[in-house]
Amino acid sequence: MSTFVLVHGAWHGSWCWKRVRRELQDLGHDVHTPTLTGLGERSHLLTRSVNLSTHIDDVANLLRWEELSDVILCGHSYAGMVITGVADRMPDRIRALVYLDAFVPESGENVLQNVHEPQRTQIIAATRSAGDGWKAPHIPAAVFNTNARDREWVDRQCTFHPFACFEECVQLGRGIHSIGSITYLFATDWDDTPFPRAFERAKAKGWRTVSLACGHEVMLDRPEDLARELLAAAGAR
């Protein structure tokens, strides 16, 4: 049995993992899908003070209080920032990292530095006009080329995301460099993706890299294939 911790991206929550969670649990694996502070069913906790450090604490504290070790830690999209921070802080608890169409930050970088124009301008403008200057409205599922069946549901489920998370830079030491197994899963079938840069970084670092023909919401578009890739990253069957 392997232990998986799956961390959702911006605007999402634990709900987006339900199909992959079921796939892995049916095979007898232990699966945790925390919802980050201020999002999903924890959206009532959204405040100006919620930032990237808050979300790193969310996941680090899950590992600590659930007494998890030998973890396969996966982060989707924005959560590439989160799992990088967690892995740097707690490398002894992690067997493998999986970046799922996610940011791969270097120390001192933030989300806004890792998206391109006009995405950066659009996020900032939407936050100012519809989010009181501190909470970012969600990007429609159609932009991510989410499968047509799920788009209305995803748009209904998504919540505001604290903008401070996009501004805060991740600060890294040497801990993350001790993680021996790292995989990057790149979703190829959506326009204007900001993740080719992260994919190229992953290849340059010598990580295992895989391309998946689907939109950004891999866990919804191809849950069975994603479960197989997570098992491969874990070295499990």
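Tabulated results
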| quantity | calculated |
| --- | --- |
| Test: residue in segment 172-183 that is in a helix (DSSP H, G or I), out of contact with any Ser or Thr (no Cβ under 6 Å at 6 or more places or on another chain), of a type in the set (K, R) and at negative phi | no |
| Matching option when the condition is touching a Pro at 6+ places or on another chain (Cβ under 8 Å) and closer than 23 Å to C158 by Cβ, among V31, V82, V5, V98 | V5 |
| In segment 194-213, the residues that are under 23 Å from Q122 (Cβ atoms) and assigned to a loop (DSSP other than H, G, I, E, B) | P194, F195 |
| Output for segment 184-193, where each listed residue is assigned to a strand (DSSP E or B) and under 17 Å from A141 (Cα atoms) | A187 |
| Cross-chain or 6+ apart pairs with Cβ under 7 Å, segment 7-35 first and part of a strand (DSSP E or B), then of a type in the set (D, E, K, R) | V31/R21; H32/E66 |
| Residues of segment 124-133 that turn out to be in contact with a Pro (Cβ under 9 Å, 6 or more places away or on another chain) and either under 19 Å from I56 (Cα atoms) or β-branched (V, I, T) (or both), as a count | 1 |
| Residue in segment 149-169 that is small (G, A, S) and within 16 Å of the chain's Cα centre (by Cα) present | no |
| Any hit, segment 188-196, residues being over 22 Å from W17 (Cα atoms), modelled with pLDDT of 95 or more, crowded, with 18+ Cβ neighbours inside 10 Å and over 16 Å from the mean Cα position of the chain (by Cα) | no |
| Residue within segment 42-55 that is within 13 Å of A79 (Cα to Cα), within 15 Å of the chain's Cα centre (by Cα) and not in a helix (DSSP H, G or I) present | yes |
| From R48, R22, residue being surrounded by fewer than 19 Cβ atoms within 10 Å (Cβ to Cβ) and either over 15 Å from R228 (Cα atoms) or among the hydrophobic types (A, V, I, L, M, F, W, C) (or both) | R48 |
| Sole exception among (1) buried (at least 21 other Cβ atoms within 10 Å of the Cβ); (2) out of contact with any strand residue (DSSP E or B) (no Cβ under 7 Å at 6 or more places or on another chain); (3) closer than 16 Å to H138 by Cα for H8, by number | (2) |
| Filtered residue count, segment 208-229, keeping only those that are out of contact with any helix residue (DSSP H, G or I) (no Cβ under 7 Å at 6 or more places or on another chain) and either among the aliphatic types (A, V, I, L, M) or in contact (Cβ under 8 Å) with a residue 60 or more places away in the chain (or both) | 3 |
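Per-residue answers, yes or no, for (1) acidic (D, E); (2) in contact with a strand residue (DSSP E or B) (Cβ under 6 Å, 6 or more places away or on another chain); (3) on the phi < 0 side of the Ramachandran plot:
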position: G38; (1), (2), (3): no, yes, no
position: H44; (1), (2), (3): no, no, yes
position: T47; (1), (2), (3): no, no, yes
position: V50; (1), (2), (3): no, yes, yes
position: I56; (1), (2), (3): no, no, yes
position: N61; (1), (2), (3): no, no, yes
position: R64; (1), (2), (3): no, no, yes
position: V71; (1), (2), (3): no, yes, yes
position: S77; (1), (2), (3): no, no, no
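The values are calculated or read from the model by the stated rules, or taken from the named source; none is laboratory data. If you're wondering where the values come from, they're calculated on a predicted model, not measured in any experiment. FYI the Cβ positions are ideal-geometry reconstructions off the backbone, even for glycines, and counts take in every protein chain you see.
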